[in-house]
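Read-outs throughout are calculated quantities, based only on the coordinates presented, and are distinct from any laboratory measurement. Computed from a predicted structure; not experimentally measured. No Cβ is skipped: glycine too gets one built from the backbone with ideal geometry, and neighbour counts run over all protein chains shown.
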Amino acid sequence: MTLIRAVKKKDIKLVNSLLKSGVNPDMRNSNNSTPLHFAVKREMYTLVYRLIRLKVDVNVRDNQGFTPLLLAYYMYEDEWSEENYNLIKKLLQAGAEFGNEDIDRFIEDDDEQLEILLSELNGESSPKIKHSIKNIHKMYKDRLEYRREATDKANQKYISELLDKSVNGSNEHMETLMDKIVKYGDVAILPLMEGLDHEAWDVREVAAVTLGKLNAVAAEEKLMLCSRDTREEVRWAAYWALGETRSEKSAQLMAAALNGPYPQDYIVIAKALGKIKSEESVKPLINCLSADNEKLQTVALQSLKSITGKDFGRSREEWISWLDSGATVE
């Protein structure tokens, strides 16, 4: 009879005889289980400690992914006992460790018992146990970060796929798509910024608007480049998004664009400037009050009132006089 069978049967006399005869205490069965695995499962504490003294490998993982330490942990989790607690201590002192796959199990199961165990072990004076506690905490933090990054990457890939589906989409479809992407928050910013370079203009438009919905200041530089796009729909989306950033830098760019080569953009720009309280915007908006386009005048006035808190109507002269008096935007 093999040592593993003797341990499974809890035949202590035979186990002792086999160990004395020099049988390999680290033998494996077809499941890659060792005598230590079965000694832990059978709660044969004295044998566990004997096998540890014989320097067996305490970190062997069977084909189901269980190490002796993981088995001992689940026994501790199911029913606390002094014996189970001491078993874990002995294994840790012998160099047993949780692997990344074990930490992943605990995270997936939202296992609160691990923290209880670590808190209990924290009172131990053994340097090896203290090192194990520190290492487990670090592994837990690292695995959470790894899993978060993996989830973020999967979500970003999904967002890129959603953007591709916006090509030639209806307005209703695009609104639904943008609302779906916004729910991903900051995770969506990177694929949306990449979307600003998409060959399809409607994807660039959706990406810009969605970045605006996210108030993505990180995308400001890319949005500024989009404000020079050959498609007015993309430029308008970019200006709207820049207004949502509430950034002084965005205000400077858009104020300069009020003298740019696309007069059809001026209304969109003037409206976006009204969201940013910037002194840079005031004079260019005042100049819009003398434009031939009545709608532009109306929007420029609304933005001036929003920025300054003043209302001099469409009188460009009164606005200039107020500005020359040294007035500032609060």
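Remarks
- Per-selection Rg to Rh, segment 1-87 - Cα, Kirkwood hydrodynamic radius: 0.95
- Unit charges at the beta carbon, dipole of segment 154-277: most positive-side option, Thr210, Ser160, Ile267: Ile267
- Of the residues Leu177, Ile189, Asn32, the one whose Cα sits farthest towards the positive end of the charge dipole of the chain is Asn32 (charges of +1 on Lys and Arg Cβ, -1 on Asp and Glu Cβ, taken about the Cα centre).
- Dipole magnitude of segment 154-277, debye to nearest 20 (Cβ charges: Lys/Arg +1, Asp/Glu -1, about Cα centre): 420 debye
- In sequence order, segment 19-29 has phi-based couplings of 5, 5, 6, x, 4, 5, x, 10, 5, 10, 9 Hz under the Karplus curve 6.51 cos²θ - 1.76 cosθ + 1.60, θ = phi - 60°, and Gly or Pro positions carry x.
- Backbone geometry of segment 125-133 corresponds, through the Karplus equation with coefficients 6.51, -1.76 and 1.60 at θ = phi - 60°, to 3J(HN,Hα) couplings of 8, 4, x, 5, 5, 4, 5, 4, 4 Hz, x marking Gly and Pro.
- Taking each residue as 0.36 nm, the span from Ser170 to Asp57 lengthens on full extension beyond its C-alpha to C-alpha distance by 34.4 nm.
- Volume per residue for the chain equals 202 cubic angstrom (convex hull of Cα atoms).
- Spatial offset of segment 15-83 relative to segment 179-229 amounts to 56 Å, using the alpha carbon center of each.
- Phi to ³J(HN,Hα) by Karplus 6.51 cos²θ - 1.76 cosθ + 1.60 over segment 172-178, Hz, x for Gly, Pro: 5, 4, 5, 5, 4, 5, 5
- Axis of helix 201-213 versus longest Cα principal axis of the chain: the two differ by about 80°, to the nearest ten degrees.
- Relative contact order [Cα under 8 Å, 6+ residues apart], the chain, whole percent: 7 percent
- Taken along its principal axes, the alpha carbon cloud of segment 201-314 reaches lengths of 40, 25, 18 Å, longest axis first.
- Aspartates and glutamates whose Cα lies under 17 Å from that of Lys128, excluding same-chain neighbours fewer than 8 positions away: Asp57, Glu97, Glu120
- Flagged links, alpha-carbon separation over 23 Å, of Lys8/Lys90; Lys183/Lys295; Lys153/Lys213; Lys249/Lys277; Lys13/Lys41: Lys183/Lys295
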